[in-house]
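Novice: Dropping a structure here in structure tokens format, bear with me for questions.
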Amino acid sequence: GDIWEVEEVRSGQSDEASDPRPPPEYQVTFRHRVSASHIFLPVSVAGEEDVVVRVLLPGTLLTQITLEVTSTIFRLASPSHYLHIPLPRPVLQREGVATWDPSTYTLTVTLPTAQCTLLTPIK
């Protein structure tokens, strides 16, 4: 009664499985961007949401962190940690912003979600 055969399963997490470093403590949340137009003209606009990834890296220096973000994958490496996770929504990785707090050893990466393309019927 399996849904798929073992050969059909992609090994998308192979990098993570082969890396002996443990994943750091992290949190993925959403943040909705609200402007004055949302308050005075309450119109639902798709795509005005950010994916926020916070990673705690105790004892790590900013120069020791390697970060790679694609539209669907978040990958971080440090001397003592490795994190490879799929993002919950497609993001605009080139518009992302990363900040480092050296007092708490926390990297915060804010990534705007990709807006859905609305299809219009051909006339």
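Novice: Note the full-extension length gain between SER18 and GLU48 as 0.36 nm times their separation in residues minus their Cα-Cα distance, in nm to one decimal. Could the numbers behind the result be given before it?
Specialist: On the way: separation 30, 0.36 × 30 = 10.80 nm, distance 3.63 nm.
Here the answer is 7.2 nm.
Novice: If R₀ is 22 angstrom, what is the calculated FRET efficiency for the pair GLN115 and LEU56, using the beta carbon separation as r and rounding to 0.05? Before the final figure, lay out the partial values.
Specialist: Numbers: r = 31 Å, r/R0 = 1.39.
Calculated transfer efficiency: 0.10.
Novice: Per residue of segment 61-74, what does 6.51 cos²θ - 1.76 cosθ + 1.60 with θ = phi - 60° give for ³J(HN,Hα)? Whole Hz please, x for Gly and Pro, Karplus curve as stated.
Specialist: Taking θ as phi minus 60°, the curve returns 8, 4, 5, 8, 9, 10, 10, 9, 10, 10, 5, 10, 10, 10 Hz for segment 61-74.
Novice: Just add up the charged neighbours of LEU111: K/R +1, D/E -1, any other residue whose Cβ is under 14 Å from the Cβ of LEU111.
Specialist: +1
Novice: Lys and Arg at +1, Asp and Glu at -1: add these up for the other residues within a Cβ distance under 11 Å of THR29 and post the number.
Specialist: Working: positive: ARG31, ARG54; negative: GLU49, ASP50.
Taking every Cβ under 11 Å from that of THR29, the sum is 0.
Bear in mind that the values in this text are calculations on the coordinates, not laboratory data. Fair warning: this is a prediction, and the values are worked out from it, not measured in the lab. Backbone-built Cβ (ideal geometry, glycine too); neighbour counts: all protein chains shown.
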